[in-house]
């Protein structure tokens, strides 16, 4: 899944701070920008794992413009990170669905054009529609 992160600039004396606004209480830092990104991904993975184990759900993500309008993050830099948290959602299950052939063709074309599989695209579309 992809998550927006807000990055507070660091310098020689201060670490780069990272906040994941869509995941309450999820934050990290790093002495370098690369370390901040790596630590943010680890923090997201741990946050999701903990919430799912406790029976919770991953909150719906907000749009970047909504985050950028938040004065708390004024002057921060924004990035999008991908973290493979699907493993915490349970094992994959095979399903049988029915849809018109032309629609299936459009799904396959879109998925291929975006480097996705049919299943990956359908799962992504379902999460987007439900805002998970």
I'd like the full set of residues that are farther than 22 Å from residue 60 by Cβ and either in the same structural domain as residue 56 (by TED's automatic domain parsing) or surrounded by 10 or more Cβ atoms within 10 Å (Cβ to Cβ) (or both), limited to the range 114-132. 117, 118
Is it true that some residue in the range 65-81 is on the phi > 0 side of the Ramachandran plot and outside the structural domain of residue 39 (by TED's automatic domain parsing)? no
Go through the residues of the range 17-31 one by one and say whether even a single one is under 20 Å from residue 130 (Cβ atoms) and loosely packed, with under 12 Cβ neighbours inside 10 Å. yes
Look through 111, 6 and report the one residue that is assigned by TED's automatic domain parsing to the domain that holds residue 129 and either surrounded by 13 or more Cβ atoms within 10 Å (Cβ to Cβ) or within 21 Å of residue 130 (Cα to Cα) (or both). 111
Output the number of residues of the range 34-50 satisfying the condition of being within 29 Å of residue 128 (Cβ to Cβ) and touching a strand residue (DSSP E or B) at 6+ places or on another chain (Cβ under 9 Å). 9
Are there strands (runs of 3 or more DSSP E) fully within the range 1-115 with at least 2 residues that are closer than 27 Å to residue 125 by Cβ and in contact (Cβ under 8 Å) with a residue 60 or more places away in the chain? List them. 2-8, 77-82
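The values are calculated or read from the model by the stated rules, or taken from the named source; none is laboratory data. Since the structure is predicted, the reported quantities are computational estimates derived from the model, not experimental observations. Cβ sites come from the backbone with ideal geometry, for glycine too, and all protein chains shown count toward neighbours.
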